[in-house]
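Shown next, in C-alpha cells, is the structure this report addresses.
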C-alpha cells in the first residue's frame with residue numbers, strides 16, 4: 001500500500017517515451033506577460049518591490065561589500081523554487097521540487113562552490129570556523145569533528161528539507177482525497193473544506209520553504225568570507 005501511495009510522486013507522464021514531468025520547471029516562464037519586455041506592468045512593479053525587500057534582507061546577512069548583483073543568484077534561486085512549488089499545487093502538474101534529484105541539483109553546486117572558494121581563498125578563516133570561540137581545550141577535537149560533519153551534510157539537509165516538506169503536504173492531500181469516495185455527502189463537503197484549508201497551508205509552505213532555502217544558502221555564503 002505504501003509503495004502504491006508513494007508512487008504518485010514517480011515521474012510517469014510521457015509522449016513517445018519522452019518524459020514531460022520536468023517540463024513543469026519551465027512553466028514559470030509562461031506567466032511572464034509579453035508586455036514585460038516593453039513596459040513595466042503593475043505585477044512587475046510588485047515583484048520588483050518584493051525583490052528589493054529580499055535584497056535588503058540578504059544585505060543584512062552578507063558581510064562583504066554588497067550590491068544588487070551579489071544577491072542576484074539567491075533571488076533567482078528563490079524565484080525558481082517558489083515557481084516550482086506553486087506549480088505543483090495545480091492538478092496534473094509534476095512537482096519537481098519533491099524529488100531529491102531536483103533539489104540536490106540546486107543545493108550541491110552552491111555548497112561545493114562555497115566550500116572551494118572558502119578553503120582556497122580563506123583557509124585560516126575556514127579553520128577558525130571549525131572551533132567556536134570560548135571552546136574548552138578538551139572539547140576542541142570533538143567540536144572540529146562535529147563542525148566538519150555539519151559542513152559536509154549541508155547540501156543534503158538543504159535538499160532533504162525542501163523535498164520532505166513538499167512531499168508531506170501533497171501526501172496528506174492525497175490521503176484525505178482517497179477517503180472521500182466512501183463518505184456521505186455531508187462528510188464529503190466537510191472534507192472539501194479541509195482540503196481547501198490544506199491547499200492554503202501548502203501555499204504558505206511553498207513560500208516559506210523557498211525563503212528558507214534562499215536564506216540558508218546566503219548564510220552558508222557569508223561564512224566563507
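The values are calculated or read from the model by the stated rules, or taken from the named source; none is laboratory data. The model shown is predicted, which means the values in this text are computed figures rather than measured ones. Here Cβ is always computed from backbone atoms with ideal geometry, including for glycine, and neighbour counts include all displayed protein chains.
Annotations
- Hits in region 115-132 - residues which are part of a loop (DSSP other than H, G, I, E, B) and either at pLDDT 85 or above or under 21 Å from residue 217 (Cβ atoms) (or both): 122, 130
- Apart from one condition, residue 108 fits all of (1) under 13 Å from the mean Cα position of the chain (by Cα); (2) buried (at least 17 other Cβ atoms within 10 Å of the Cβ); (3) more than 15 Å from residue 25 (Cα to Cα); the exception is (2).
- Condition met for residue 52 (in a helix (DSSP H, G or I), surrounded by 15 or more Cβ atoms within 10 Å (Cβ to Cβ) and at pLDDT 80 or above): no
- Criterion (under 30 Å from residue 84 (Cβ atoms), surrounded by 13 or more Cβ atoms within 10 Å (Cβ to Cβ) and touching a helix residue (DSSP H, G or I) at 6+ places or on another chain (Cβ under 8 Å)) met by exactly one of 130, 176: 176
- Residue 135 being part of a loop (DSSP other than H, G, I, E, B) and either over 19 Å from residue 74 (Cα atoms) or touching a strand residue (DSSP E or B) at 6+ places or on another chain (Cβ under 6 Å) (or both): yes
- Just so you know, in region 91-100 the residues that are touching a helix residue (DSSP H, G or I) at 6+ places or on another chain (Cβ under 9 Å) and surrounded by fewer than 20 Cβ atoms within 10 Å (Cβ to Cβ) include one that is nearest to residue 203 (Cα to Cα), and it is 93.
- Restricting region 55-79 to residues that are in a loop (DSSP other than H, G, I, E, B) and under 19 Å from residue 158 (Cβ atoms), the residue that is modelled with the highest pLDDT: 71
- Residue within region 80-88 that is buried (at least 16 other Cβ atoms within 10 Å of the Cβ), outside any helix (DSSP H, G or I) and in contact (Cβ under 8 Å) with a residue 40 or more places away in the chain present: yes
- The sole residue among 158, 171, 175 that is assigned to a helix (DSSP H, G or I), under 20 Å from residue 78 (Cβ atoms) and in contact (Cβ under 8 Å) with a residue 40 or more places away in the chain is 158.
- When region 152-172 is filtered for residues that are surrounded by 18 or more Cβ atoms within 10 Å (Cβ to Cβ) and either closer than 18 Å to residue 224 by Cα or touching a strand residue (DSSP E or B) at 6+ places or on another chain (Cβ under 7 Å) (or both), the ones remaining, listed by number, are 154, 155, 158.
- Residue 8 at pLDDT 70 or above, touching a helix residue (DSSP H, G or I) at 6+ places or on another chain (Cβ under 9 Å) and surrounded by 12 or more Cβ atoms within 10 Å (Cβ to Cβ): no
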